[in-house]
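Notes to accompany the following structure.
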Amino acid sequence: MPIELKMPALSPTMEEGTLAKWLVKEGDEVSAGDIMAEIETDKATMEFEAVDEGTIAKILVPEGTDEVKVGTVIAMLAEEGEDAADIEASPQTSKDEPAESQPDDPPPAKTAAANTIAKEDSKPASLRVDPDVPEGTEMAKLTVREALRDAMAEEMRADERVFVMGEEVAEYQGAYKVTQGLLEEFGGRRVIDTPITEYGFAGIGTGAAMAGLRPIVEFMTFNFAMQAIDHIINSAGKTNYMSGGQMRCPIVFRGPNGAASRVGAQHSQNYAPWYAQIPGLVVIAPYSAADAKGLLKSAIRSMDPVVFLENELLYGHSFEVPVLDDYSIPIGSARRVREGADVSIVTYSIGVGIALEAAEKLAGEGIEADIIDLRTLRPLDKAAVLESLKRTNRMVVVEEGWATCSIASEIAAICMEEGFDDLDAPVMRVTNEDVPMPYAANLEKLALVNSDKVVGAAKAVCYR
Amino acid sequence: MLLIRRFEEKAGQLYGLGLIGGFCHLYIGQEAVAVGLQSALDGDKDKVITGYRDHGHMLAYGLDPKVIMAELTGRAAGIAQGKGGSMHMFSVEKGFYGGHGIVGAQVPLGAGLAFAQKYNDDGGVTLAYFGDGAANQGQVYEAFNMAELWKLPIIFVIENNQYAMGTSVNRSSAEDQLYRRGESFRIPGLQVNGMDVLEVRGAATVALDWVRAGKGPILLELKTYRYRGHSMSDPAKYRSREEVQSVREKSDPIEGVKKDLEAAGISEDEMKAIDKEIKAIIGEAADFAESSPEPDPDELYTDVLVEQY
């Protein structure tokens, strides 16, 4: 039997990639360990090695092909004794999941959250960008990753005091490629690889900010920032107050937060409620590339310590970003992502995509959702939340994280304390399940928030 | 040194009277360390950072005893407007970066100050103090590694007063010769008699020369002793009265200086005049700290963030 060579998944979140180059041709013999092709993901160029020995019978996906889905058969390998010339091209070019017992399940390589990122294109143009952007502004399609990089690069060009430090940010170009190209432009003095020592470099960054520099400290993920949380909270967050306003700490702690995909309990957690509880910190968690760029620029310029929570699953997603010399978004303002009169959905970060998907389903049933993307979690834009509640009298809060002591809980409390008379139904929280994140694909899917759960809650508060 | 001693004695009294609250860690016995080291610094470009036993370091830096005492009593005129208290005092203007309450946190923060000095190429050096207790915190070694790796201009100062709260160095440290704690990071260390202000000053000069020459960090272990408990609420049952008394009698840093001064021909009267002058300064500081008003209630919400959003 010929062996099917499939497009490999080269990272936990990879869904597709570019087949950049074939290093073998039809008729070549390969043995295990030979490099057969180069595959570009949105993070890196990876080498694709042979696992079995045999003869390359057919190349099914030519080099230079973009957006090759993980699992696509890209070549056929004839085993010893088979005649390569006899092997027909497999008709199958899409994903093949022989082990799947329930046909309705999505492929296990994807998670529910990854599947529910809404297509930005499907929204009306007027809602794509910040309302502050002048009409007729030219737009460019950027990934969240590129938008974050551009924000840092622009601020580094503008202010000599800004530098970035963290694990693999310089020579490796960023573990998630967010700092790509910065070392080349700004050099090793301002783009600094640290040892694996979160507590230490968070402290050094904080001290440098106290001395007047503008550090951007990247955590490879916020899961690792728990090692450093003392400096974020006790050193960066409190000294301005404790010093009677003398000792400022203009620092940005940034990196991916929340669940990625199949990385298990210790690498899948949303820390937004942890940091948002601390007076003295600013906490930002953007969804779109435009917000990521505009808010990161504001965060770098802020005189206050900022915790900037990104989302790995969003890094590769493209959005329209205004082409302006200096596009920044004010900290502390929410954004109405979708307008509707029947139910408010308040959310942030990856929850916005889930809410948009839910809103489409709800619209099909005649329920129009008003979606508020909080964007900044501290200080929280209470007015926007209460204004939306006034409009719809019903609210669902969507959060990719646990419900207990969450941002969702805070929103519910605000609505009860300050919007009680506007409520026609209890505020519902739609969050992840109250368990450490499981690894198994089906269990992970069950644990994560998804648009069907949002739809259910929205209908419940509408008494439908 | 005498100013620090008298200041701390007065702070102890005010604590007893309920005028100073919370935690209050006195520096009595350790005065030669801060004075010997900080007298060697360049006030225009060098920086100092320490832990919570910080009154002495501020006084050694020439900060006004009145505003320090007023901070201890939680008054608006305090150096942090009454919001910091004993453990959290700062004077950015004078290059004093705190006053930090979490044991060991000031070490990477200090490395960050030194990072900024190197980044700005301003020729400054940071003095980061910590105790024998903090010397067992992991973050200290994370800071050592990066400081040496990046050749940061920093002097790590271990004030070894021999007790981390109630636990002696020998009971807590596998390597109790703390000046050797930098060895695996290639940071050279010196052990110094922290009860002799001139020896401390000499060590400061050696260390500053090393760091200013661009050779990276250096570690000083200052062997010293605190006469009082860890904080005001510590009965200090972990050591004998005789031990404390013996140090006071044999190696008190102030008595040591007094002998040196006598030998240099300073008369008893001249020294008494200094004592009197210091008593007056402390009396004035205490009066100021007791009589100046508490912060305005409106200050509760100020300085949480710098900007308005």
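The values are calculated or read from the model by the stated rules, or taken from the named source; none is laboratory data. Please read these numbers as outputs of a predicted model, since none were measured by experiment. Counting neighbours? That spans all protein chains shown, and the Cβs are built from the backbone with ideal geometry, glycine included. Remember, those area values only see protein heavy atoms, side chains included, never the ligands or the DNA or RNA. Shrake-Rupley method; radii C 1.70, N 1.55, O 1.52, S 1.80 Å.
First check a/c for the stretch A:324-442, with a ≥ b ≥ c the square roots of the eigenvalues of its C-alpha gyration tensor; if it is under 1.5, answer rounded, and if not, answer prolate when a/b is larger than b/c or oblate otherwise. Verdict is rounded for the stretch A:324-442.
With Cα atoms defining each centre, the stretch A:410-464 and the stretch B:105-143 are spaced 46 Å apart in the structure.
Split the accessible area of the protein assembly as shown by element, probe 1.4 Å, and carbon with sulfur accounts for 50%. A simple spin-label model places the labels of A:Asp66 and B:Thr302 5.7 nm from each other, with each point 7 Å out along Cα-to-Cβ. A simple packing score, the average count of other Cβ atoms within 10 Å per residue, orders the peptides B:31-39, A:345-353, A:383-391 as A:345-353, B:31-39, A:383-391, with the highest score first. Set the bar at 28 Å for Cα to Cα. Now go through B:Lys47/B:Lys250; B:Lys83/B:Lys272; A:Lys297/B:Lys94; B:Lys10/B:Lys272; B:Lys83/B:Lys250 and name every pair that lies beyond it. In this structure, B:Lys47/B:Lys250; B:Lys83/B:Lys272; A:Lys297/B:Lys94; B:Lys83/B:Lys250 lie more than 28 Å apart at Cα.
Taking Cα centre as origin and charging only the Cβ of basic (Lys, Arg, +1) and acidic (Asp, Glu, -1) residues, the dipole magnitude of chain A rounds to 2420 debye. Buried surface between chains B and A: roughly 3500 Å² of accessible area, summed over both sides, computed with a 1.4 Å probe on protein heavy atoms only.
Packing, taken as the mean count of other beta carbons within 10 Å per residue, orders the peptides A:147-158, A:412-423 from highest to lowest as A:147-158, A:412-423.
By the Kirkwood approach, averaging reciprocal distances over each pair of separate Cα atoms, the stretch A:139-322 gets a hydrodynamic radius of 16.1 Å.
From largest to smallest, the equivalent ellipsoid semi-axes obtained for the protein assembly as shown from the alpha-carbon gyration tensor read 58, 33, 21 Å.
Sort the stretch B:150-309 into rounded, prolate or oblate with this rule: let a ≥ b ≥ c be the square roots of the eigenvalues of the Cα gyration tensor; rounded if a/c is under 1.5, and if a/c is not under 1.5, prolate when a/b is larger than b/c, oblate otherwise. Can you show the working numbers first?
Working: a/c = 1.42, a/b = 1.07, b/c = 1.33.
Since a/c stays below 1.5, the shape of the stretch B:150-309 is classed as rounded.
Applying the criteria of a DSSP loop state and at most 16 other Cβ atoms within 10 Å to the chymotrypsin sites (Phe, Trp or Tyr not before Pro) of the stretch B:207-308 yields B:Tyr238. Seen against the Cα atoms of chain A and their longest principal axis, helix A:289-301 is set at about 50 degrees. From the square roots a ≥ b ≥ c of the eigenvalues of the alpha-carbon gyration tensor of chain B, which class results: rounded (a/c under 1.5), prolate (a/b over b/c), or oblate? Here chain B falls in the rounded category. DSSP beta bridges fully contained in the stretch B:2-289 are about 10 percent antiparallel. The smallest convex shape that holds all Cα atoms of the stretch A:3-94, its convex hull, gives 82 Å³ per residue. Across the stretch A:30-46, computed HN-Hα scalar couplings (Karplus, 6.51 cos²θ - 1.76 cosθ + 1.60, θ = phi - 60°) run 10, 10, 3, x, 5, 7, 9, 7, 10, 10, 9, 9, 6, 9, 6, 9, 10 Hz from first to last residue, x flagging Gly and Pro.
Residues of the stretch B:265-309 whose accessible area, computed with a 1.4 Å probe over protein heavy atoms, drops by at least 40 Å² once all protein chains are present relative to their chain alone are B:Asp303, B:Val304, B:Leu305, B:Val306, B:Glu307, B:Tyr309. Label positions at A:Glu26 and A:Asp326, each projected 7 Å from the Cα along the C-beta direction, are separated by 5.9 nm. Once the Cα atoms are used to define both axes, helix A:351-364 deviates from the longest principal axis of chain A by about 90 degrees.
Applying 1/(1 + (r/R0)^6) with R0 = 35 Å to the Cβ-Cβ distance of A:Leu443 and A:Ala341 gives a FRET efficiency near 0.40. With all protein chains in place and ligands, DNA and RNA left out, the 1.4 Å accessible area ranks A:Arg262, B:Arg186 as B:Arg186, A:Arg262, largest first. This model, with +1 at the C-beta of Lys and Arg and -1 at the C-beta of Asp and Glu, gives the stretch B:6-83 a dipole about its Cα centre of some 260 debye. Over the protein assembly as shown, accessible surface divided per residue gives 41 Å², non-protein components excluded, 1.4 Å probe.
Annotation: amide H-H contacts under 5 Å for A:Met46 (H modelled 1.01 Å from N, sequence separation of 5 or more, or interchain): A:Ile39, A:Glu40, A:Thr41.
Taking the alpha-carbon centroid of each part, what is the distance from the stretch B:55-81 to the stretch A:186-231 in angstrom? With the stretch B:55-81 and the stretch A:186-231 each reduced to a Cα centre, they are spaced 31 Å.
The 3J(HN,Hα) values that the Karplus relation (6.51, -1.76, 1.60; θ = phi - 60°) gives for the stretch A:213-224 are, in residue order, 7, 10, x, 10, 9, 8, 9, 4, 8, 5, 4, 7 Hz. Gly and Pro appear as x. In this structure the amide hydrogen of B:Tyr52, modeled in the peptide plane, comes within under 5 Å of the amide hydrogens of B:His100, none closer than 5 places in sequence on its chain. Accessible area per residue was computed with a 1.4 Å probe on protein heavy atoms; A:Val427 scores about 30 Å².
Helix A:382-392 and the longest principal axis of the Cα set of chain A meet at an angle near 80°. The H on the amide N of A:Met139, modeled in the peptide plane, is under 5 Å from the matching H of A:Val323, each at least 5 residues off or on a different chain.
Pairwise inverse Cα distances across the stretch A:240-292, averaged and inverted, put the Kirkwood hydrodynamic radius at 13.6 Å. Residue-wise HN-Hα couplings along the stretch A:321-326, as the Karplus relation 6.51 cos²θ - 1.76 cosθ + 1.60 with θ = phi - 60° gives them from phi, are 10, x, 8, 10, 4, 9 Hz; Gly and Pro carry x.
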